[in-house]
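A short worksheet on the structure shown next.
FYI, it's all coordinate maths here, none of it is from the lab. Keep in mind the model is a prediction, meaning the values are calculated, not measured. Here Cβ is always computed from backbone atoms with ideal geometry, including for glycine, and neighbour counts include all displayed protein chains.
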Amino acid sequence: METQQMNWSALKDEAVSFVKTAATRIVDVERESLHIDTKEDADDLVTDKDIEIQRLMTDQIRKFYPTHRIVGEEGDHDDVHNDDTITWIIDPIDGTTNFVHQSMNYCVSVGIYQRGIGYVGIVYDVKSEEWFTAVRGLGAYMNGKRLPKRASVPFEQAILGFNARWLVGKADESLKQGFQTIVRDVRAVRSYGSAALESAYVAAGRLDGYMSLRLSPWDFAAAKVLLEETGCECVKVDGSPISIEDQSTYLAAVPNVSQEFLSRLQ
Ligand code: IPD
Ligand code: CA
Ligand code: CA
Ligand code: CA
């Protein structure tokens, strides 16, 4: 069976080298003019560079691993299926709005899955040159230093990653009231604009939770492995398990913070 033969740690090293190549190219293209388009709405940006970087990564993966499946945000892509095929789930630039407007706080995200289980997670912050990496069962690392398991954090001292748009958007009123209670009860709320980075920050102890009402598999595939390796929870906002096959609501948090968060949404 492929899982038993697969050396996930070696595959992680290979994936890191692909991400390095992508990041080098991103630094280069930042000096070029961007062609900016919109997707579902006027604030949902995509650039020609997102597409170019995904193609670069896809070409590399296909060359070395022709039997693997690749799922990425941009352009034509397969869906994720929880089957035997080793599946790379990539977001070439997570935080495109930051890439366009701020030139910081964006990352490359790569998760490698088989049968719905995440084995490799890589989140690379291109500007701060921070690597967040994990291999299932072998721990999570930040710039080569092992990240400890997250300990409980009193909810009133928790720092949450939270996009304020969820307070005014289409969500039903009782959910929005629950969010207001949460924002009131925690110590502080931050919004960095990259789901993958914010989730990696939960694993690394910079945030104690991160929530979104809509994320796609490429937004959280890599970070989910980091979170699992640091003892964090990764669930939907109704507390049910997240599937890597679907777009869904998302809560990544230290377990006691997750429980406190969910209890305020009842
Ligand atoms: C987006 C970012 C953003 C999150 C959005 C994502 P993109 O990804 O992660 O923080 O709020 O839901 O779509 O489009 O920049 O790759
Ligand atoms: Ca996007
Ligand atoms: Ca994304
Ligand atoms: Ca993206």
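Tabulated values for the structure
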{"item": "Order of ILE90, ILE26, ILE36, ILE70 under a 10 Å beta carbon neighbour criterion, fewest first", "result": "ILE36, ILE70, ILE26, ILE90"}
{"item": "Proportion of all alpha-carbon pairs of the chain beyond 30 Å (%)", "result": "25"}
{"item": "Rh by Kirkwood over Cα pairs, then Stokes-Einstein D for the stretch 1-111 at 1.002 mPa s and 20 °C, µm²/s", "result": "143"}
{"item": "Qualifying lysines (Cα of each under 23 Å from Cα of LYS176; at least 8 residues distant if same chain)", "result": "LYS236"}
{"item": "Cα-based equivalent ellipsoid, the stretch 162-266: semi-axes from gyration tensor eigenvalues, Å", "result": "19, 15, 13"}
{"item": "222 nm mean residue ellipticity, helices alone, for the chain (DSSP H n ≥ 4; -39,500 (n - 2.57); rounded to 500)", "result": "-11000 deg cm²/dmol"}
{"item": "Fluctuation leader among SER33, SER152, SER128 - the chain, Gaussian network, Cα springs under 10 angstrom", "result": "SER33"}
{"item": "Pair-distance profile P(r), taking every C-alpha pair of the stretch 121-165, with 5 angstrom steps and integer %", "result": "5, 17, 18, 16, 22, 18, 4, 0"}
{"item": "Translational diffusion of the stretch 60-170, µm² s⁻¹ [Kirkwood Rh, Cα pairs; Stokes-Einstein; 25 °C; 0.890 mPa s]", "result": "149"}
{"item": "Under the Karplus curve 6.51 cos²θ - 1.76 cosθ + 1.60, θ = phi - 60°, whole-Hz ³J(HN,Hα) for the stretch 246-261, x wherever Gly or Pro sits", "result": "10, 6, 6, 6, 7, 9, 10, 7, 4, x, 5, 5, 4, 4, 5, 4"}
{"item": "Inter-part distance where the stretch 121-179 and the stretch 53-91 are each reduced to a Cα centre, Å", "result": "25"}
{"item": "Net +/- balance of residues flanking GLY231 in space, Cβ distance below 12 Å, scoring K and R +1, D and E -1", "result": "-1"}
{"item": "Taking the chain and dividing mean pair separation by its residue count, relative contact order in percent (alpha carbons under 8 Å, at least six apart)", "result": "17"}
{"item": "Trypsin sites (Lys or Arg not before Pro) within the stretch 143-205: DSSP coil, no more than 14 neighbouring Cβ in 10 Å", "result": "LYS149, LYS170, ARG187"}
